1. Which condition does residue 52 not pass, out of (1) surrounded by 10 or more Cβ atoms within 10 Å (Cβ to Cβ); (2) modelled with pLDDT under 90, if it passes all the others?
2. If only one of 2, 43 is in a helix (DSSP H, G or I) and at pLDDT below 95, which one is it?
């Protein structure tokens, strides 16, 4: 594994970094999923409104 800085990493340090990265990735995924769900809902409402005007 390549990281910035001198020296070697212990296995415990690597596993801690991986678990922190997984937490960050889960939070990011949840936030993006919510954003996409909101955007999809907004677009569907806009399309329904446009269709009902016809």
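1. Among (1) surrounded by 10 or more Cβ atoms within 10 Å (Cβ to Cβ); (2) modelled with pLDDT under 90, residue 52 violates only (1).
2. Of the residues listed, the single one that is in a helix (DSSP H, G or I) and at pLDDT below 95 is 43.
The values are calculated or read from the model by the stated rules, or taken from the named source; none is laboratory data. Fair warning: this is a prediction, and the values are worked out from it, not measured in the lab. Note: ideal-geometry Cβ built from the backbone for every residue, glycine included; neighbour counts use all protein chains shown.
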